[in-house]
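Student: Below are the structure tokens for one structure; questions will follow.
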Amino acid sequence: GSKRACLPTKDGRVVAACLLRSFSPDAPRALLCGAGPRNGPACEVLVEQRVPVPIFIRAATRRWRYEGLFAVAESFTTGARYERQVEGSGRTEADVSRVVLFEAVGA
């Protein structure tokens, strides 16, 4: 996988979520997946695999804070809940392919 991907993959599986609050303000509870060629497909893999992943939030340049292990709780691409998540995030609906809601595992 890519060192710059927010959803790094290995052997076709998403192995972590490395999130920036500037792109996903409600992280680690919510991920706003990008619509680009890398993040859109990786986000779909994450939702399909239903395996908990560690979530990291960027604290500063080259510094990440471990938030814990999270599993996908819900995912949606349209509707009122999708619109509410995108609204106020600084991103547009055209820039967000999917909203993924997480729940902490073992908390």
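Read-outs: derived from the displayed coordinates by stated rules, not from any lab. Everything quoted here is computed from the prediction, not taken from an experiment. All Cβ positions, even for glycine, are placed from backbone atoms using ideal geometry, and neighbour counts span all protein chains on display.
Student: State which stretch of the chain is the longest one without any exposed trypsin sites (Lys or Arg not before Pro), exposure meaning a DSSP loop state and at most 16 other Cβ atoms within 10 Å.
Tutor: It works out to 63-107.
Student: Taking 0.36 nm per intervening residue step and subtracting the Cα-Cα distance, what contour gain separates residue 11 from residue 50 on full extension?
Tutor: Value of the extension gain: 12.5 nm.
Student: What does the convex hull of the Cα atoms of the chain come to per residue, in Å³, rounded to a whole number?
Tutor: Looking at the chain, the number lands at 98 Å³ per residue.
Student: Using θ = phi - 60° and the Karplus relation 6.51 cos²θ - 1.76 cosθ + 1.60, list the HN-Hα couplings for the range 68-79 in order, rounded to whole Hz, with x at every Gly or Pro.
Tutor: x, 9, 10, 10, 5, 9, 8, 8, 8, 10, 8, x
Student: Classify the range 59-98 from the C-alpha gyration tensor, please: rounded if a/c falls under 1.5, else prolate or oblate depending on whether a/b exceeds b/c.
Tutor: oblate
Student: Note down the magnitude of the dipole of the chain about its Cα centre, charges +1 on Lys and Arg C-beta and -1 on Asp and Glu C-beta and zero elsewhere, to the nearest 20 debye.
Tutor: Numbers: 16 positive and 11 negative charges, 119 e Å.
So the dipole magnitude of the chain works out to roughly 560 debye.
Student: Oh, and also: Taking only DSSP H segments of four or more residues, each worth -39500 (n - 2.57), what value at 222 nm results for the chain once the sum is divided by all its residues, to the nearest 500 deg cm²/dmol?
Tutor: The per-residue figure over the chain is -4500 deg cm²/dmol.
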